[in-house]
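Take a look at the structure below.
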Amino acid sequence: MMTEYRSKFPELGFYGLPGHSRTPRDVLSQVRDGEALGVGNVMISERADYKEIAAICGACAAVSESLYIGTSATNLNTRHPVVTASMASTLNRLSEGRFALGLAKGVGFRWKMLNIDYPTYEREREFVGIMRALLRGEAVSGFSGALGNYPHLHLADYVSEDVPLLYVGFGLKSLVNAGRIYDGVHLHTFMGREALTRAVAAVRQGEREAGREAGEVKIWSVLATVCDEGCDASEAAYLRRIVARCATYLQVPGYGEALVKVNGWDEAELIRFRQSQAVQAVPGLIDSVATMRQLAAIEKELPESWRPAAIGDAKTCAVRWLEEFELGADGIIIHASTPEEFAPVLREYEKIRPASRFEGRSNRPA
């Protein structure tokens, strides 16, 4: 029988190692702190430097007992299907049933540079189907489709892992598709109120088209949070946590355009931002290499309305968290701050939390 892990706040999660990190060991204390506060899950993003996702998820499992641990995300085209399925089955056993596999498609220019096929909707659907079969211990033989030709795919007959699959992304067409085939959806940082509303509607549309029950797919918003009572309230902290993070998303070809589109922002502003001297002066990803002086200059080029987040005192941030649920989110992933830093917000949130809404809910994110 599957264990149901329950915490005080199953509707809340947080990003481990939020943003750029060169010290992945920091995630150990973050996970311990998050679990002690009663948060339901931790999500781990992937980056090809010091954030190899399987290694970090394994470390999180070793120092926690109730937190669900999710990939947010790994790309579905960078590993062989058997390798991804084996990663998921191993992490689920290692965590005693607390692993969620979050999958993303990424952006086309990266796959072109790496000579990897772009994961179209058809390839995505096939990959998800193969993952579910392999995690049930089934063999997939003689497969031929958009994903490729696979004579025989199998982990082992005795494998039987109930791993929720989450789509991690924010394009509206992709979210409709996610509503059809995934167990949950993990959205993106810096999506404003209207963007969140549209995203929820897209997922629910996909559910209807697939004949699924309304609300079957759990939707997680991602909200950058900087509380001036819990962390460094200096300008430098704001530049690192909000400006650098948002600017980096906008900096990446394809990625920035998608974020602008889902928010209904002006693409001409994106072009102007990218061509500004402040952005052009940074020789790499902004959140990884920009100096404080460079970030201060970039902040002046970044429209203030393009930074939707929970910022201010603990009560203000808590109210902002609550708004995400009122807009249709089933859960919130807190970004930009560690559990130690957002603890004051959690105390204020508890005072206004609609407890009946989450009654009986487990930490399982989908």
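Overview of values
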| item | result |
| --- | --- |
| So Ala268, is it in a helix (DSSP H, G or I), free of Cβ contacts under 8 Å to residues at least 12 places away in the same chain and under 23 Å from Ala310 (Cβ atoms) | no |
| Cβ pairs under 8 Å, 6+ apart, first in region 350-366 and over 22 Å from Gly102 (Cα atoms), second part of a helix (DSSP H, G or I) | Lys351/Ala318; Ile352/Ala318; Ile352/Val319; Ile352/Leu322; Arg353/Leu322; Pro354/Leu322; Pro354/Phe325; Arg357/Phe325 |
| Criterion violated by Cys60 - all others in (1) more than 17 Å from Pro365 (Cβ to Cβ); (2) modelled with pLDDT of 95 or more satisfied | (1) |
| Residue under evaluation Gly38, criteria (1) on the phi > 0 side of the Ramachandran plot; (2) without any contact (Cβ under 8 Å) to a residue 12 or more places away in the chain, criterion not met | (2) |
| Where a residue in region 131-142 is at positive phi and its partner, wherever it lies, is surrounded by 15 or more Cβ atoms within 10 Å (Cβ to Cβ), with Cβ under 9 Å and at least six apart | Gly137/His154; Gly137/Leu155; Gly137/Val159; Gly137/Glu161; Gly142/Tyr150 |
| Of all residues in region 272-297 being in a loop (DSSP other than H, G, I, E, B) and small (Gly, Ala, Ser), the one that is farthest from Arg240 (Cα to Cα) | Ser276 |
| Within region 330-342, considering residues that are in contact with a helix residue (DSSP H, G or I) (Cβ under 6 Å, 6 or more places away or on another chain) and assigned to a loop (DSSP other than H, G, I, E, B), the one nearest to Gly169 (Cα to Cα) | Ala336 |
| Given (1) free of Cβ contacts under 8 Å to residues at least 12 places away in the same chain; (2) in a helix (DSSP H, G or I), index of the condition Ser174 fails | (1) |
| Search result, residues across region 45-57 that are out of contact with any helix residue (DSSP H, G or I) (no Cβ under 7 Å at 6 or more places or on another chain) and either among the hydrophobic types (A, V, I, L, M, F, W, C) or part of a loop (DSSP other than H, G, I, E, B) (or both) | Ser45, Ala48, Asp49, Tyr50, Glu52, Ile53, Ala55 |
| Counted residues, region 235-279 - those being out of contact with any helix residue (DSSP H, G or I) (no Cβ under 6 Å at 6 or more places or on another chain), within 21 Å of Leu17 (Cβ to Cβ) and β-branched (Val, Ile, Thr) | 2 |
| Any hit, region 203-216, residues being loosely packed, with under 14 Cβ neighbours inside 10 Å, farther than 23 Å from Ala258 by Cβ, hydrophobic (A, V, I, L, M, F, W, C) and touching a residue at least 12 places away in the same chain (Cβ under 8 Å) | no |
| Condition check for Arg245: among the charged types (D, E, K, R) and buried (at least 19 other Cβ atoms within 10 Å of the Cβ) | yes |
| Residue check for Val345: modelled with pLDDT of 95 or more, part of a helix (DSSP H, G or I), crowded, with 23+ Cβ neighbours inside 10 Å and not hydroxyl-bearing (Ser, Thr, Tyr) | yes |
| Subset of region 91-115 [among the aliphatic types (A, V, I, L, M) and touching a strand residue (DSSP E or B) at 6+ places or on another chain (Cβ under 6 Å)] | Leu91, Ala100, Leu101, Ala104 |
| Qualifying residue in region 58-68 (condition: assigned to a helix (DSSP H, G or I) and surrounded by 23 or more Cβ atoms within 10 Å (Cβ to Cβ)) | yes |
| Leading residue by the ranking (modelled with the lowest pLDDT) among those in region 228-267 that are under 30 Å from Glu348 (Cβ atoms) and among the acidic types (Asp, Glu) | Asp232 |
| Condition check for Val128: of a type in the set (Val, Ile, Thr) and within 30 Å of Arg361 (Cβ to Cβ) | yes |
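Conditions tested, residue by residue: (1) more than 18 Å from the chain's Cα centre (by Cα); (2) in a helix (DSSP H, G or I); (3) over 25 Å from Gly184 (Cβ atoms).
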site	(1), (2), (3)
Gly13	no, no, no
Val27	no, yes, no
Glu35	yes, yes, no
Met43	no, no, no
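Okay, residues lined up against (1) within 22 Å of the chain's Cα centre (by Cα); (2) loosely packed, with under 14 Cβ neighbours inside 10 Å:
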| position | (1), (2) |
| --- | --- |
| Gly102 | yes, no |
| Lys112 | no, yes |
| Arg123 | yes, no |
| Gly137 | no, no |
| Gly142 | no, yes |
| Leu147 | no, no |
| Leu153 | no, no |
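The values are calculated or read from the model by the stated rules, or taken from the named source; none is laboratory data. This is a predicted model, so every value here is computed, not measured. Neighbour counts run over all protein chains shown; Cβ positions are idealised from the backbone, glycine included.
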